[in-house]
Amino acid sequence: MPANSSAFEAPTTTSFVEFAQRADYSLLDALHADPQASADGHDHQPRQVFSGHYVPVTPTPIAAPEYVAHSRILFHDLGLSDALAQDDQFRRLFSGDISVAQEPMRPVGWATGYALSIYGTEYIQQCPFGTGNGYGDGRAISVFEGLFKGRRWEMQLKGGGPTPYCRGADGRAVLRSSVREFLAQEFMHALGVPTSRSLTLLVSRAETVRRPWYSPNSRSFDPDILVDNPVAITTRVAPSFLRVGQLELFARRARSEAHPGALNELQLIVAHLIERNYRPEIDPSLPFSDQVIELAGLFRQRLTALVANWMRVGYCQGNFNSDNCAAGGFTLDYGPFGFCELFDLRFQPWTGGGEHFCFFNQPVAAEANYQMFWAAIRLLLAGQTEALARLDQIREGFGEAMQQELEAMWARKLGLIRYDAALVNELLELMVASKVDYTILFRRLSQIPEQLSALKESFYFPSSEERDAQWQSWLHRWRARITEGGDIHKTSAAMKCTNPKVTWREWLIAPAYEQAEQGDYTMIRDLQQVFSHPYDEQSAAMETKYDRLKPQQFFNAGGVSHYSCSS
């Protein structure tokens, strides 16, 4: 679980001037800008970008920005004073007005291109030019990179206006999706799942955009109306925003010899990935080929552990393409995500996702993304027979490594010293047959009950006598396994640190962003508080509100049980 220190530490950064002094732009200094880009960053029209790792671009400020929320936990982690969230220059920067930049800050932001592959198949159809040279950060613009408490962080606006990669869109994000991303990133961090983080959330009441969405009480699968939405900007923070899709882009160019420096650009971005995300674990004195092999092993380790964590907490990414796969091994891009309530192996909240990106297919999707990562970095070892063999061995071991992570995860969820396939598989079958709530069931199991009645609070429908007998038999055998020679109280406590008490329930999130559209941010702040301690026991009032089954009216409800990615 994350170490959210309760000890008071005085903030080290209390003014915007002090914040600016934290600036340190390793990406802009180490990598190449698009040679066709303008130096002033006024580059907001769709166009092809043929080379370079980034395009300098200025964000487009939202009109009359209004503070909604900030992450006190992240501010503390960065050593920022909470008062900075209300500072005029700070607020202007993170609502898209980079004109407030002070030296050593840069007066422009940057956007990056990347490639798209789905399950190991390369695509260029999403690029408006049909070449792959126009696909990338369409509305995500990084505006700051710096050092805080000895750690490097990059800060990126989501909804900061159009870039050359915007494909003709407006570059904006709506308040609805911004609230979801802001809350989800901090919830995942509190769950102990590696993730990008949330810094601030600001909204404009003077600027709106029209998007497809669902009418009230809609049962439509696809959005059925157009809605005017307030625009918003949420700032996400990570050690870097390098994606597998970025490595893919430069690998594709190197293979096709798109330009003379293509292979060198690939090598530079892989070296930068190591520096930004893996340097503490990779010895810089090693030959570069050995560093690449170390990178392959470490990324495999992080990616398999990440997906096992997703499964542990019921998270479904919804659209796990290579461009949504952070090369640093953490969760990125909270668009079509959801959390499983009624247990379903094929749970998929996004209407455009299909079964291939559903809940229990995430390990397969991860391997497909790793395949593209492996294929990209393999180009850097051309002609090195021994190094290639070592790299290929790491690739071939992905499935086994993934299985080991999943088995360890299921063992932890059930308090087992060793994974028991028969016991786990029988439980999953019973969960499907009895239509249980994923989070509630495992939290009730964490109390190690003797009788089935304690678990029935997680059942969405009444159970038959025959099914009850199967459950009781399973419960008896499971308890026998975890009580033999073990301390049942320690086991229960460990399970409660693995199985959260509360989860993300879309029907509780929707009222928060609906109220926010009316200027009431109370529910957002309530959810921030609840989500900051997801493993803790709750008060009776909190349990009544958050620890309960999904009400029947929200099943098959457009915008709640399923939703499009229009944001």
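For this structure, a couple of remarks:
- Candidates in segment 121-150 are the residues that are in a loop (DSSP other than H, G, I, E, B) and of a type in the set (V, I, T); of these, the one that is nearest to the chain's Cα centre (by Cα) is I124.
- Residue that is farthest from the chain's Cα centre (by Cα) [pool: residues in segment 231-264 that are charged (D, E, K, R), closer than 30 Å to R172 by Cα and part of a helix (DSSP H, G or I)]: R253
- Test: residue in segment 435-448 that is under 19 Å from M409 (Cα atoms), over 27 Å from the mean Cα position of the chain (by Cα), in a loop (DSSP other than H, G, I, E, B) and not small (G, A, S): yes
- Checklist (1) within 18 Å of H189 (Cβ to Cβ); (2) basic (K, R); (3) out of contact with any Ser or Thr (no Cβ under 8 Å at 6 or more places or on another chain) applied to R312, failing item: (3)
- Residues of segment 460-479 that are touching a helix residue (DSSP H, G or I) at 6+ places or on another chain (Cβ under 7 Å) and more than 25 Å from S492 (Cβ to Cβ): R467 alone.
- Some residue of segment 274-288 being under 15 Å from L391 (Cβ atoms) and assigned to a helix (DSSP H, G or I): yes
- Hits in segment 342-353 - residues which are in a loop (DSSP other than H, G, I, E, B) and either more than 10 Å from G318 (Cβ to Cβ) or touching a Gly at 6+ places or on another chain (Cβ under 8 Å) (or both): F343, D344, L345, R346, F347, Q348, P349, G353
- Members of segment 192-210 that are over 17 Å from P239 (Cα atoms), surrounded by fewer than 24 Cβ atoms within 10 Å (Cβ to Cβ) and modelled with pLDDT of 95 or more: S204, A206, E207, T208, V209, R210
- The strands (runs of 3 or more DSSP E) located wholly in segment 1-120 that include 3 or more residues which are at pLDDT 95 or above, under 26 Å from the mean Cα position of the chain (by Cα) and over 21 Å from F250 (Cβ atoms) occupy 65-70.
- Any chance L247 is among the hydrophobic types (A, V, I, L, M, F, W, C) and touching a strand residue (DSSP E or B) at 6+ places or on another chain (Cβ under 8 Å): no
- Applying the set (1) modelled with pLDDT of 95 or more; (2) under 24 Å from the mean Cα position of the chain (by Cα) to G335 leaves exactly one unmet item: (1).
- The single residue among L379, L295, L342 that is touching a residue at least 12 places away in the same chain (Cβ under 8 Å), buried (at least 23 other Cβ atoms within 10 Å of the Cβ) and not assigned by TED's automatic domain parsing to the domain that holds T235 turns out to be L295.
- Here is the figure for segment 275-290: residues that are in contact with a helix residue (DSSP H, G or I) (Cβ under 8 Å, 6 or more places away or on another chain) and crowded, with 20+ Cβ neighbours inside 10 Å total 1.
- Condition check for F359 on (1) over 24 Å from P500 (Cβ atoms); (2) in contact with a strand residue (DSSP E or B) (Cβ under 7 Å, 6 or more places away or on another chain): one failure, at (1).
- Single residue of G318, G328, G297 found to be within 19 Å of Q267 (Cα to Cα) and in contact with a strand residue (DSSP E or B) (Cβ under 8 Å, 6 or more places away or on another chain): G328
- Residue tally, condition part of a loop (DSSP other than H, G, I, E, B) and loosely packed, with under 15 Cβ neighbours inside 10 Å, over segment 151-171: 2
Every residue, every condition in (1) touching a Leu at 6+ places or on another chain (Cβ under 9 Å); (2) assigned to a loop (DSSP other than H, G, I, E, B); (3) free of Cβ contacts under 8 Å to residues at least 60 places away in the same chain; (4) of a type in the set (D, E, K, R), yes or no:
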{"site": "S453", "(1), (2), (3), (4)": "no, no, yes, no"}
{"site": "E466", "(1), (2), (3), (4)": "no, no, yes, yes"}
{"site": "L475", "(1), (2), (3), (4)": "yes, no, yes, no"}
{"site": "W478", "(1), (2), (3), (4)": "yes, no, no, no"}
{"site": "A494", "(1), (2), (3), (4)": "no, no, no, no"}
{"site": "N499", "(1), (2), (3), (4)": "yes, yes, no, no"}
{"site": "V502", "(1), (2), (3), (4)": "no, yes, no, no"}
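- Residues satisfying the stated conditions in segment 515-526, i.e. loosely packed, with under 15 Cβ neighbours inside 10 Å and among the charged types (D, E, K, R): D520, R525
The values are calculated or read from the model by the stated rules, or taken from the named source; none is laboratory data. Note that the structure is predicted; figures quoted are calculated from it, not measured. Virtual Cβ from ideal backbone geometry, glycine too; neighbours counted across all protein chains shown.
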